[in-house]
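The values are calculated or read from the model by the stated rules, or taken from the named source; none is laboratory data. The model shown is predicted, which means the values in this text are computed figures rather than measured ones. In this analysis, Cβ positions are derived from the backbone assuming ideal geometry, glycine residues included, and neighbour counts consider all displayed protein chains.
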Amino acid sequence: MEIWTKEKVEKLLTELVAKELKINLQDVNPKAEFYQLGLDSLGAMYILDQLEKRLEREINPLLFWEYPTIESFSEKLLQQENL
Amino acid sequence: MKATSKSETDKQREFWRPFDRDFIENPYPYYEQLRKLGPVYITNQNEWVFTRYQDVKTLYKHPACDAGNRVKGLTKLEEQGKTETSFKTLLEATQDFLVFKNPPEHTALRKFIASSWTDRSVGALIEHNISYLINRCDADEFDYVKEIAEPLPALTMAGILGIPPNDYPELIEKSRVLFRSFDMYLTLRDLRDIQQAVLEMSEYFDFHLNQKKKKPDDSLMSQLLHLNPGYQQQELVHTCMFLFMAGEETTTGLLSLGLKNLVPYWSDLRNANSFNSKIIDELLRYDSPIQVVARLTTQPIQLGDIKIPENSKLALSLGSANHDETVFKNPEHLIFDRDSKHLAFGTGIHHCMGDWLAKAEGITLFSRLMEKYNKIEIAMEPVFRHNLTFRSLSSLMVKVSTN
């Protein structure tokens, strides 16, 4: 089973966001809100779906907007349970 | 112009907590704060949340507020084609749901359903279902939601549509999943589940529509077939599915919350012996089964000082509007002879078509329960369904004593 650290979750999330927005990894600011980065609700759906598959768990979609940056969302995901 | 300053938005964020169990169980204190802080709260996913009565009412009826957000979202999802699963089946079904339609398609379908659904003599059916369900509960303590509040609307809708009453437990399960298409926040996993429910319910209603074609009767399904102005079979299937779901889930909300809220007044109302429509309206105002309705603006809207841009997602809080202190005095109290102008059934062209049915089920059920049980107590903390859009209980253990 894969061991997930904050760095790894953040990296994965950054990759998914960059892929979804078709921008470079270095242009994804982990402190910017998803909405400011340009993600809409469909984009969020795609990202969550891939995230669920990679992390092998279900994620409440509300968490995404409740913790609306890569940093805060990653931290929340790790807090919730041991990945 | 911006509706609110940054610090106000931060304050509002404290009170729009759709994720929290506290908020789900009792959103009203939060709504009160939101109404005080400003007319609109723009969430961090750019949803415009309206909580004041007049604003909610105006926007609910506004011609530039599209009811079909969900359909638009699914259409875009299909167009982008990035998912492994196609959501074509789900898209086609939701497109056919009356509640997501806009004029002129909405007007035509609503007219067709209204002309088919003229038989309002459901009194005997409701009485029959209630006496069956109440007589079945012979214990002093039982789960009222499971035994009565859930089956009654399903049995009643089954009777009206003309499907076998015994099919209801399975239909409730599917209809519950289907009802999630109203949720504001969904994942692709949710959409896959909902689509599966659509497939199964389609198969079911398609079969029964075909049965009615062979053997017409006086059911609503037969009437829909008989008066069909040219809808495809699939559209009729989706309409039946929608009617079942709409008549079932929300009424369970009314019956479950309604009883919970009636318990403290039981002996008073029982002695007065006149359970009427006003009481039901007050229960609907006080604890509305539909808490939030979603809209999408098709044009910029000027609402007082606020300019809402085109293509904005709106969340209209009916639950909050119904507790607006500028319209309802002492909104946190049940006042049974209140003059009712609540928005629990919506307003305008999307005003609920089954309001009379829900009220009839409520009045009859609560009257019969009061006749049978001289005392009723809540035996365990009620369990709320964890859902922002739709307010209902999943369990209400009651302890009763009969005359």
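Could you list, in sequence order, all residues of the range B:115-144 that are over 23 Å from the mean Cα position of the chain (by Cα), more than 18 Å from B:Ala358 (Cα to Cα) and not aliphatic (A, V, I, L, M)?
Within the range B:115-144, B:Tyr132, B:Asn135, B:Arg136, B:Cys137, B:Asp138, B:Asp140, B:Glu141, B:Phe142 qualify.
Does B:Leu259 satisfy the condition of being more than 16 Å from the chain's Cα centre (by Cα) and surrounded by 21 or more Cβ atoms within 10 Å (Cβ to Cβ)?
yes
Report whether or not B:Val327 is under 24 Å from B:Pro39 (Cβ atoms), over 14 Å from the mean Cα position of the chain (by Cα) and of a type in the set (A, V, I, L, M).
Taking the combined requirement at face value, the residue satisfies it.
How many of the residues in the range A:40-51 are under 10 Å from the mean Cα position of the chain (by Cα) and of a type outside the set (S, T, N, Q)?
So the count comes out to 4.
Consider B:Asp55 carefully, then state whether it is more than 30 Å from B:Arg192 (Cβ to Cβ), surrounded by 20 or more Cβ atoms within 10 Å (Cβ to Cβ) and more than 14 Å from every other protein chain (Cβ to nearest Cβ).
In short, yes.
Read through the list (1) farther than 29 Å from B:Tyr231 by Cα; (2) within 21 Å of the chain's Cα centre (by Cα); (3) modelled with pLDDT of 90 or more, then give the number of the only condition that B:Arg21 fails.
(3)
Taking the range B:371-388, which residues are crowded, with 19+ Cβ neighbours inside 10 Å and out of contact with any strand residue (DSSP E or B) (no Cβ under 9 Å at 6 or more places or on another chain)?
Hit for the range B:371-388 is B:Asn387, nothing else.
Can you name every one of the helices (runs of 4 or more DSSP H) wholly within chain A that holds 2 or more residues which are of a type in the set (S, T, N, Q) and more than 11 Å from chain B (Cβ to nearest Cβ)?
Ranges flagged: A:70-80.
Yes or no: B:Asp138 of a type in the set (Asp, Glu), farther than 28 Å from B:Gln223 by Cβ and either surrounded by 20 or more Cβ atoms within 10 Å (Cβ to Cβ) or within 14 Å of chain A (Cβ to nearest Cβ) (or both)?
no
Grab the strands (runs of 3 or more DSSP E) fully contained in the range B:248-356, keeping just those with 1 or more residues being small (Gly, Ala, Ser).
B:292-297, B:313-317
Within the range B:84-132, which residues are surrounded by 16 or more Cβ atoms within 10 Å (Cβ to Cβ) and within 13 Å of chain A (Cβ to nearest Cβ)?
Listed by number, the list holds a single entry, B:Phe87.
Among the residues of the range B:1-10, which ones are crowded, with 17+ Cβ neighbours inside 10 Å and at pLDDT 70 or above?
B:Thr9
Since A:Ser72 meets every condition but one in (1) free of Cβ contacts under 8 Å to residues at least 60 places away in the same chain; (2) surrounded by 18 or more Cβ atoms within 10 Å (Cβ to Cβ); (3) among the hydroxyl-bearing types (Ser, Thr, Tyr), which condition does it not meet?
That leaves (2) as the condition not met.
State whether the residues of the range B:277-292 include one that is touching a Phe, Trp or Tyr at 6+ places or on another chain (Cβ under 7 Å), β-branched (Val, Ile, Thr), at pLDDT 95 or above and closer than 24 Å to B:Val327 by Cβ.
Yes: one or more hits.
Residues of the range B:145-158 being farther than 17 Å from B:Phe97 by Cα and either free of Cβ contacts under 8 Å to residues at least 12 places away in the same chain or buried (at least 20 other Cβ atoms within 10 Å of the Cβ) (or both), which ones?
If the condition is that a residue be farther than 17 Å from B:Phe97 by Cα and either free of Cβ contacts under 8 Å to residues at least 12 places away in the same chain or buried (at least 20 other Cβ atoms within 10 Å of the Cβ) (or both), then B:Val145, B:Ile148, B:Ala149, B:Glu150, B:Pro151, B:Leu152, B:Pro153, B:Ala154, B:Leu155, B:Thr156, B:Ala158 are the ones that fit.
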